[in-house]
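One structure is given below, encoded as structure tokens.
The values are calculated or read from the model by the stated rules, or taken from the named source; none is laboratory data. Note that the coordinates shown come from a computational prediction; the quantities given were computed from them, not determined experimentally. Cβ sites come from the backbone with ideal geometry, for glycine too, and all protein chains shown count toward neighbours.
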Amino acid sequence: MPDFPIIDAHLHLWDPAHFRMSWLDNNPVLEQRYELAEYCEHTKNIAVEAMVYLQTEVETPYAFLEARWAVEQARSDPRIQGIVPWAPLEYGERARAFLAALKELDPRIKGVRRIIQFEPDLAFCLQPDFIRGVQILPEYGFSFDICIDYRHMANTITLVRQCPHTAFILDHSGKPNIKEHMLDPWREQVQELASFPNVMCKVSGLVTEADHAHWTPADLVPYVSHVLTVFGEDRVVFGGDWPVVLQASSYARWVETLDALTAHLSPQAKYKLWAGNARRFYRLSPGQ
């Protein structure tokens with residue numbers, strides 16, 4: 001385990017009995033309550049000093065209610081220093097009313113996430129209105145979490161190229177196909193994405209892209225190594241992706257695995273990965 005307190009830059013909390021979340025249907029691992037009490041239990045042997053809450057893809061009518069609920073959770077546990085809710089960016093300029101409401105809701109709202117991965121049209125993120133929605137985020141002080149899988153990488157590069165003033169972070173390293181040990185074209189595309197200085201990368205969610213029952217740390221090595229190389233020590237961020245990670249690993253096993261895979265890093269680079277870069281990207285409170 002890291003020998004200093006860490007920041008979890010990718011936390012989910014939910015109760016399926018509270019908000020409708022159809023993507024959890026028939027998933028026995030995830031279709032249950034995972035709130036702060038459960039998170040504290042799962043992380044009891046790990047020093048987590050701060051967390052960033054990511055939207056959980058509730059059904060659209062609940063989206064603003066989820067943002068408000070996340071603020072309530074942050075009041076219960078002040079370690080939740082960042083919140084990244086959903087916003088209807090595909091409406092372009094007409095998304096401003098929603099973004100303004102988020103801005104007014106709470107200063108812990110640091111960015112937005114409008115998931116691209118689930119869109120059947122791979123060109124969804126290239127709609128002019130969606131691009132415009134992403135372009136206006138800096139006006140509200142918001143960053144954008146990119147949630148895609150490897151199939152969307154080429155179009156995401158085109159999106160990022162048209163939004164040079166927006167701060168981006170790539171969730172789950174772009175979800176490479178680890179289960180089938182596919183590196184290309186993900187490898188070249190991630191390298192191209194890393195060439196944009198306004199993009200960072202979360203080292204998160206990788207075990208759920210591997211074989212849930214049989215993955216080994218060796219399966220993750222080429223993917224972790226590649227993002228560390230192309231993004232460099234200043235633009236990589238640890239994320240727990242709890243409770244989604246539970247489909248393939250305990251929280252502790254994921255932390256232990258990534259700690260082992262990054263044991264060669266300098267103490268300074270380790271701190272950046274596990275805490276410093278997340279604090280900088282999401283503009284969190286200074287460390288104690």
Could you please find all residues in the stretch 152-177 being part of a helix (DSSP H, G or I) and either under 16 Å from E209 (Cα atoms) or at pLDDT below 95 (or both)? H152, M153, D171, H172, S173, G174
The condition of being of a type in the set (V, I, T), out of contact with any Gly (no Cβ under 8 Å at 6 or more places or on another chain) and surrounded by fewer than 16 Cβ atoms within 10 Å (Cβ to Cβ) holds, among V227, V237, V221, only for V221
Please work out if A95 is closer than 20 Å to A167 by Cβ and either assigned to a strand (DSSP E or B) or over 21 Å from the mean Cα position of the chain (by Cα) (or both). yes
For the stretch 240-281, give me each residue that is basic (K, R), closer than 30 Å to M21 by Cα and surrounded by fewer than 21 Cβ atoms within 10 Å (Cβ to Cβ). R253
Residues of the stretch 114-151 being in a helix (DSSP H, G or I) and either within 12 Å of A87 (Cα to Cα) or aromatic (F, W, Y) (or both), which ones? F124, F130, G133, V134, L137, Y140, Y150
Checking T56 against (1) of a type outside the set (K, R); (2) outside any loop (DSSP other than H, G, I, E, B); (3) touching a helix residue (DSSP H, G or I) at 6+ places or on another chain (Cβ under 9 Å): exactly one of these is not met. Which one? (2)
Name the residues in the stretch 31-53 that are crowded, with 19+ Cβ neighbours inside 10 Å and in a loop (DSSP other than H, G, I, E, B), would you? T43
Could you tell me how many of the residues in the stretch 102-113 are out of contact with any helix residue (DSSP H, G or I) (no Cβ under 7 Å at 6 or more places or on another chain) and in a helix (DSSP H, G or I)? 1
Checking N26 against (1) in contact with a helix residue (DSSP H, G or I) (Cβ under 7 Å, 6 or more places away or on another chain); (2) over 27 Å from Q127 (Cβ atoms), only one condition comes out false. Which one? (1)
Tally time: how many residues in the stretch 1-30 are in contact with a Pro (Cβ under 6 Å, 6 or more places away or on another chain) and surrounded by 18 or more Cβ atoms within 10 Å (Cβ to Cβ)? 0
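Can you tell me which residue is surrounded by the fewest Cβ atoms within 10 Å (Cβ to Cβ) among those in the stretch 149-184 that are touching a residue at least 24 places away in the same chain (Cβ under 8 Å) and acidic (D, E)?
Among residues in the stretch 149-184 that are touching a residue at least 24 places away in the same chain (Cβ under 8 Å) and acidic (D, E), the one surrounded by the fewest Cβ atoms within 10 Å (Cβ to Cβ) is D149.
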Residue check, E57 at positive phi and at pLDDT 95 or above: yes
Would you be able to say whether some residue in the stretch 95-110 is among the aromatic types (F, W, Y) and closer than 18 Å to T156 by Cβ? no
Of the residues that sit in the stretch 178-231 and are aromatic (F, W, Y) and part of a loop (DSSP other than H, G, I, E, B), which one is nearest to W242 (Cα to Cα)? W215
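Report whether or not D259 is modelled with pLDDT of 95 or more and within 16 Å of the chain's Cα centre (by Cα).
In short, no.
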What's the number of the condition H264 fails, among (1) free of Cβ contacts under 8 Å to residues at least 40 places away in the same chain; (2) in a loop (DSSP other than H, G, I, E, B); (3) in contact with a Lys or Arg (Cβ under 9 Å, 6 or more places away or on another chain)? (3)
